[in-house]
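Data block below; observations after.
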Amino acid sequence: GAKDIADALKVNRTLTELNLPGNRIEPEGAKEIADALKVNSSLTFLDLYNNEIGDEGAKDIADVLKANPMSALISLSGAGEADEFVKNRNRQRFLDTLNGNEKAEFARLRVMFVGQGRAGKSATVRSMLGKPFSPEWDSTVGADVSESVVNGSSWGDETDQIDFASALAVKMMNRHKEMKSSSPKRIEKSPVVAPLPSSSKTEMNNTETTKGDQLQNKGHQLSNFVDKDQNKKDLKRNSPVKNDRPKKNLQEDIVREYDEELILEAHERKNDLALSLWDFGDQEVFYTMHHIFLTKTGIYVLVFDMRELLELVTREEAKKYLRFWLRSINMHAPQAPLLLVGTFCAEIQDEMRRVDKILRKLSKHFCSQIVTNESLVFFPIDNKERLNIQELRKAIEHEARNDPAMKQEVSIRWMAFLDDLLSHKSSKSYLTMNGDVNHVANKFGLSRQERYIALGLFHERGLIIHLTATEALQNIVIVKPQWIIDALGKVIRDSSIHVDISEYERDGLLDDAQLLFEEGIASRDLLGYLWNYDQTEFFIDLMKRTMLMSDYQQDGFLIPSLLKENKDMGAVDTRCVVDFSATFLPHGVFQRLVCLCVEYVSRKTSFDDSIRMNKNYAHFIAFADQEVELVEDPSQQAILVSSSDVEKVIPIISSMLLKINGNVMGGRLKWKVLIDGKAFQPEKAVEIESPTLDLDVFLESL
């Protein structure tokens, strides 16, 4: 019985958690356990709820806690003085931790699902969340964002109501006990953060107790070391104001009122992992938007239809999409883990080796990123039949828990700050810096500089969206990322699939809608209508700053990604080639270049007949005082430039590409400029250093 448990606790050095609710333990048993706690150095949590220890047994437990404030958190039941002491002691340790300056792992990460249209990407996300398969599920517009709390086989579908600050505090309390119980030599000037052990758990509910050797667990699994200096580099954000605000006590400002249930709930959630699942739209028109949201940290899941890869008539198209996404992911996130997921495995169970052979050849340059599945380079699943879903969940969770970004440590104040911001999601899509955000930051004692750094981390993890390019963008903190994705998706969408023109006709905007979806030109009236007249100027500023659109004609805007392709364009007299084949030419680069060119030309001439454009072509009558043609050539991974004076045009084009590379592509795009003095001939072209104008002066002119 209880004596056997107590004897085992006296000698055990690895058990961290023991649950004994409802085991009819009496006062004598409680005394034995109390005596064991005096010498046990590993236990961090003990649940004695709903036993029969009485006031006498509770007093024995309380006496141990009085003598050793760092002993385990203990849950009792009853209303006696000793029981109240235990609860107050738990409460004080909890609040002391909340008010401290220590840090623990962030445990939040973004998972991005990408792939070809109709490959089963959205169905895969639904499978991860335990939702039923729906064969009629609509294709994704822009992107869909879901939140999940992960702990083993359980993937919850919402994180809105979870108090992560409290769970983090309990984890810190446990670490205090673990660090105190161990006695390794400590190097005071070590540049790394001490590793955080994961806990082991033993449960006994209305069962016979076991001997000490049965209480042994498998020991702690140490986390990877995390470099503090690297964390600071990753978190660095510009802010003109330094911290001069004293840190506040959080006791009165904690997100939720403390009670015994809170600490028990937080204890249960201390190992939870919050994942933000981003399901990116698979139509090509959305690709120009994706660059805004693809991040260098997180996990990427590339979904493909194995049937398409095996069928001869569809194989090349399927391989094209796989190449595109492999290159795009490698460019945006060269260190991020990548899982290849093949769908419809129930229909082709005997063809896995053929699929694997094709994928290995396609992905040979990206092997360091790809997470393998035993002998396969991909994960075969079937969403309809629910085949291998749990294996995919385990693989994603394993990568998430071992991802250096997830292990980055944050303070309890930052987590409480985030919890408070996200608590507004049910009623608001965004908050203003000048209003709610500063109020919450002040409540938790965050200086102006610290709040911007924290928001930068939350943005990178996909929990919020906070852009800082302009004052208008900087003032909006989006706590519901789906809001901004939906807003952009109302403008940038595939008109053949996602547009019902009749709704615009009913509201008297038929001409405006046709102009937008046929010629890529938006009126201010139509944009206001699409965005429900809520933060219209914010969205216009956002789209212009991310080079998704530019001013065009009087009170109009050009959105190049909506332009139609012209396959009968004819030959272009090419004078110059901007060659991206060293990396690749992503979707959206040419369209953003056109945006900047239109902005540049508009400062120097009227729009009447000076510009002609389609999806992959732009013709400017008066660009740098001469006629210029630009052509996107995906087959060569190049942009072709035709002009009578290339040497005058190329510095301007190069400066624009540098702006696109720095602002949208993370600086990872590479290109070279090839020029022939007359007509372009590859065998006679010479490589020159890509010259640039004074960027500060040029960009200021835009």
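The values are calculated or read from the model by the stated rules, or taken from the named source; none is laboratory data. Keep in mind it's a predicted model, so treat the numbers as computed, not measured. FYI the Cβ positions are ideal-geometry reconstructions off the backbone, even for glycines, and counts take in every protein chain you see. Just so you know, the surface numbers come from the protein's heavy atoms only, side chains and all, with ligands and any DNA or RNA stripped out. Shrake-Rupley method; radii C 1.70, N 1.55, O 1.52, S 1.80 Å.
Probing with 1.4 Å while keeping every protein chain in the model, the per residue accessible area of the stretch 602-662 equals 40 Å².
Shown for the stretch 452-585: the carbon plus sulfur share of the solvent-accessible area, taken with all protein chains present and a 1.4 angstrom probe, equals 42%. Surface composition of the stretch 289-393: carbon plus sulfur atoms hold 48% of the accessible area, using a 1.4 angstrom probe and ignoring ligands, DNA and RNA.
Contact order, relative form, for the stretch 457-498: 27 percent (alpha carbon pairs under 8 Å, 6 or more residues apart, mean separation divided by residue count). With each label modelled as a point 7 angstrom along the Cα→C-beta vector, the Phe366-Thr470 pair spans 3.4 nm. One decimal place: the segment Glu311-Ser635 gains 114.3 nm when fully extended, by the rule 0.36 nm per residue minus the C-alpha distance. Computed from the C-beta positions of Gln390 and Gln349 and an R0 of 25 Å, the FRET efficiency is 0.90 to the nearest 0.05. If R0 equals 22 Å, the separation of the Cβ atoms of Glu28 and Asp63 corresponds to a calculated FRET efficiency of about 0.90. A simple spin-label model places the labels of Asn442 and Ser426 2.6 nm from each other, with each point 7 Å out along Cα-to-Cβ. Full extension of the chain between Asn434 and Ile501 yields a length gain of 20.2 nm, computed as 0.36 nm times the residue separation minus the alpha carbon distance. Across the cross-link table entries Lys31/Lys66; Lys121/Lys384; Lys364/Lys407, which are compared at the Cα atoms, the separations over 21 Å belong to Lys364/Lys407. In this structure the stretch 292-436 gives 43 Å² per residue of accessible area when probed at 1.4 Å with all protein chains present. Largest first, the residues Glu471, Glu308 sort by 1.4 Å accessible area into Glu471, Glu308.
Pairs from the table (Lys296/Lys670; Lys320/Lys357; Lys361/Lys670; Lys296/Lys544; Lys3/Lys38; Lys38/Lys103) lying more than 20 angstrom apart at Cα are Lys361/Lys670; Lys296/Lys544; Lys38/Lys103. Using heavy atoms of the protein chains and a probe of 1.4 Å, the accessible area assigned to Glu391 is about 100 Å².
Sorting the segments 513-520, 334-341 by their mean number of nearby beta carbons within 10 angstrom, highest to lowest, gives 334-341, 513-520. The portion of the accessible surface of the stretch 623-668 made up by carbon and sulfur, rounded to a whole percent, is 43 (1.4 Å probe; DNA, RNA and ligands excluded). Here the gap between Arg603 and Leu376, fully extended at 0.36 nm per residue and compared with their Cα-Cα distance, gives a gain of 76.1 nm. With 10 Å bins beginning at zero, the pair-distance distribution over Cα atoms of the stretch 479-600 amounts to 11, 39, 33, 13, 3 %. The simple spin-label model puts a point 7 Å past each Cα toward its Cβ; for His398 and Leu510 those points are separated by 5.9 nm.
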